[in-house]
1. Say we look at the stretch 236-254 and pick out the residues that are away from the ligand (no atom under 16 Å from the Cβ) and not in a loop (DSSP other than H, G, I, E, B); which of these is surrounded by the most Cβ atoms within 10 Å (Cβ to Cβ)?
2. Checking VAL77 against (1) surrounded by 17 or more Cβ atoms within 10 Å (Cβ to Cβ); (2) among the aliphatic types (A, V, I, L, M); (3) part of a helix (DSSP H, G or I); (4) more than 16 Å from the ligand (Cβ to nearest atom), which single condition isn't satisfied?
3. Any chance you could count how many residues in the stretch 80-118 are under 18 Å from the mean Cα position of the chain (by Cα) and on the phi > 0 side of the Ramachandran plot?
4. Residues that are open to solvent by 10 Å² or more (accessible area, probe 1.4 Å) and among the β-branched types (Val, Ile, Thr): list the strands (runs of 3 or more DSSP E) wholly contained in the stretch 335-421 that include at least 1 such residues.
5. Restricting attention to the stretch 441-485, report how many residues are open to solvent by less than 40 Å² (accessible area, probe 1.4 Å) and outside any loop (DSSP other than H, G, I, E, B).
6. Among the residues of the stretch 279-286, is any more than 27 Å from the chain's Cα centre (by Cα) and among the small types (Gly, Ala, Ser)?
7. Being more than 20 Å from the chain's Cα centre (by Cα) and modelled with pLDDT of 95 or more is true for just one of VAL246, VAL266, VAL240. Which residue is that?
8. Given (1) over 17 Å from LEU311 (Cβ atoms); (2) within 14 Å of the ligand (Cβ to nearest atom), where does GLY232 come up short, assuming only one miss?
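The values are calculated or read from the model by the stated rules, or taken from the named source; none is laboratory data. None of these values were measured; they are calculated from a predicted model. We place every Cβ from the backbone using ideal geometry, glycine too, and count neighbours over all the protein chains shown. Only protein heavy atoms, including side chains, enter the accessible area calculation; ligands, DNA and RNA are left aside. Shrake-Rupley method; radii C 1.70, N 1.55, O 1.52, S 1.80 Å.
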Amino acid sequence: MGGQPLYLAPRLGPRLRSVLESPGWLHTLTDALGSPLHVVLPDQVVENLDGFRTSYGRHQLSGQVFFAHKANRSSAVLRRLAATDAGVDVASLGELQHALGSGFAPDRIMVTGPKNLELLWLAARSAVTVGVDTPEELAQLAALVRTYKLARVRVLLRLSGFAATGVRVLSRRSRFGTPVRELAALLDLIERYGDAVDLTGVAYHVDTTSITEKVTALEGCLLALEECRSRGLRPRAVDVGGGFGVNYLADGGQWERYTTELTGAVLGTRPPLTWGGHRYGLRNENGTLRGTLGLYPAHRPVTGARYLDELLTHPAPSFGGRPLAELLLDCLYDLYAEPGRALLDQCGTTLAKVLEVRAPRDGGPLLVRLAAKADDVALEEHGVLMDPIVLPGNAAPCDTRAEPVAVHLFGSLCLETDLITRRTVFLPRRPEPGDLLAFANTAGYCMDFHATRAQDQPVARKVAVWQEGGAWRWCLDDEYWPISVGGAQ
Ligand SMILES: Cc1ncc(COP(=O)(O)O)c(C=O)c1O
């Protein structure tokens, strides 16, 4: 193989680990339902929700956690959450219909993102809360309410373009939300449409891992609420959006080592670590490393509910350095959050069968072709680098003399670009046709967000799995209702 293997082992929680420790069962499922196969663990999402609730409790904050539905289309996940006190954030007509049909009462649904007229109408008709993106959208919504004589719609104003006090840096540029400098004009409209809309809060979603940008945005929202109140409006919720993140890798040291070696490969001081010399955004300019590593920070010690904690305990420079949670509590504001990826942490795995293993004539990593397209396992699309787990296809005892191998993982399309990952992957032993590769932790955005029917290949099936009486049970995702699984509430 040449050199030490550079593993990036996935972080596995007890529930996901337990499923992956049932390889015979997973083989039976894929034999019956085809490869690739998505496996979701709806009970895990409830555990993750509890983590967010605990964080709210720690800061004595009330409010709601809205699952960002876009992260996974699973009915099982949605129906399982409907059986809790969670809310759901929907971003399309289909998602709103799905949420209503899964048992979410309208007061637990929020519509965000760009909206067409049909979505606005169904939102207003069914009395869900609307996160308004622009003044134009507000006018459209008010017109619908007036034309169809609907009840006043609860709205949150999504704001963007926040500026930190005393610093030149603005929060990330976004094409969503109304720039906060246009707040006054937006509030004029809220007053003008007072018969049609009821302002209940303000919101942001900044797509970044940076806590500083989020602090700036949250402070900006608190200032915006002050402005609302100075006009006699009474909004009481701040929606901090999503982006709490996931820690994908078990070992920070492996991540450090991998990124250092990748840098070396780009600079030419070690053999390549990718297919076709791909550089993940880095480049070598006369021996100097340039560019930005375009990868998700796969090992992140503070994510999910702990990241929310860190945000809430952060001092707010515009408010004399007081912690943000204290400011929210002082004003009795409700905290809304819309986690997608973080609520789906450890909630699923994608299985793909090995079809072919070939040694290239010129040496180098083995070429491994899978019965799956890159779009079925979209970890690479999201910049997440993480090793799959080999689930051997035969029942033969594990060969203790097995040697690590370097492989390139290809998809099933006849496209040069259909690579499951452009990274050279190191596996503890040579995979064989018939083995399964299990890609862990794919439930957030990496299962169905990018799914296609390219080359008329079927879209992966999805199954829901749960533990009952010490054994794993399964059903098709669409067949799952929490009532049928041993009394889960
Ligand atoms: C408005 C809004 N809320 C929440 C989310 C969820 O983000 P994440 O999955 O990173 O938590 C998104 C993601 O695009 C979003 O656009």
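1. Out of the qualifying residues, it is LEU249.
2. Evaluating VAL77 over (1) surrounded by 17 or more Cβ atoms within 10 Å (Cβ to Cβ); (2) among the aliphatic types (A, V, I, L, M); (3) part of a helix (DSSP H, G or I); (4) more than 16 Å from the ligand (Cβ to nearest atom) leaves (4) as the failure.
3. 1
4. 348-358, 389-391, 405-410
5. Selection size over the stretch 441-485: 10.
6. No, the conditions are met nowhere in the stretch 279-286.
7. Exactly one residue qualifies, and that residue is VAL266.
8. Unmet for GLY232, out of (1) over 17 Å from LEU311 (Cβ atoms); (2) within 14 Å of the ligand (Cβ to nearest atom): (2).
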